[in-house]
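Below is one structure, written out as structure tokens; the observations come after it.
None of the figures in this text is laboratory data; all of them are computed from the coordinates on show. Here the structure is a predicted model, which is why all the values come from computation and not from measurement. All Cβ positions, glycine included, derive from the backbone under ideal geometry; neighbour counts span all protein chains shown.
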Amino acid sequence: MPGADGSITRIGLIGHSAYSGLDAALDSLRAFVDARGIELCVEEDLARHFPDAPRFQPGSVDLLVTLGGDGTLLRGARLVAPYHTPVLGVNLGYLGFLTSIQPGELHTSLERVLAGDYWLDERLTLEARVAQRDGGEGTPYVVVNDAVLHKGGFARVIRLAMYIGEGDEREEVASYAADGIILSTPTGSTAYSLSAGGAIVVPAVDCILATPICPHTLAVRPLVMPITTVVSVEVLTPSAEVMLTVDGREGAALTPGDRLVVRRGEASVRLVRFPGQSFFSTLRRKLHWAIERGEQTR
């Protein structure tokens, strides 16, 4: 994190090499840090661009810059969330709902960060674990967008049971057949959950959103629960191939009797925003809610 005086001496960098605008963004960033005497720490995948730079280690930088789309930002945000490190997302992709700026704005935006002309959009995370039927528990995952329980292999529905609470206070909410279920943060409400018919949740609302994927009955609808809720989903279908995917990347396999357990996470994500940027301005631009008024969509 920035020092007590707001100074930034080390910037971490991760990026997605598939985007055509990456080289130009790297050149801009290199010129900025060289002129300012700031140390740049890069991930292994970008080492060939900065052969003499130290490798990026979560917790050792004052600011993380991500070059890519929302997926790249999510990957970086999960790494630094336990350290509450601010994240500046540069959109080299298409939608870029979570990223803050375009590549041509990188130099000016970094100047604004150094000058303190920004604000932090703090987003909660979830913790997801697989509780095995034999009593064991898997490694906890940091969830920025969503934890998705979905079928693998052949195209057929699976039976799931969802509960809230723990121990003697655990209560069944529903059991149904579906392609799966999405447990998302408010941040993730504009991602896969939205595509599956879930509500858009303002990030300031602390909650967990449960959105079924193609349920076999129209009576099953998305459910918004307090962030204090502990949610568990059990696989009921015998011999079903069920997968957990976290933020579209990490994952684990579940067998019948295993449960996905989700609760509020201890980490938080701090996204760098600039004056004039807000959640609703992003909705208008990215979801085309203001086309009639001629607002730019990027």
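Numbers for the structure displayed
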| item | result |
| --- | --- |
| With eigenvalues of the C-alpha gyration tensor scaled by 5 and rooted, the chain, Å | 37, 21, 17 |
| Sites L236 and A204, calculated FRET efficiency, Cβ-Cβ separation with R0 35 Å, nearest 0.05 | 0.50 |
| Of A199, S239, L183, farthest towards positive along the dipole that unit charges on Lys, Arg, Asp, Glu beta carbons give the chain | A199 |
| Estimated vicinal HN-Hα couplings, Hz - region 82-90 in sequence order (Karplus 6.51, -1.76, 1.60; Gly, Pro = x) | x, 9, 6, 6, x, 10, 10, x, 9 |
| Dimensionless Rg ratio for region 126-266, taking C-alpha atoms and the 2.2 N^0.38 Å reference | 0.94 |
| Structure-based [θ]222 nm, the chain - -39500 (n - 2.57) summed over DSSP H runs of at least 4, per residue, nearest 500 | -4500 deg cm²/dmol |
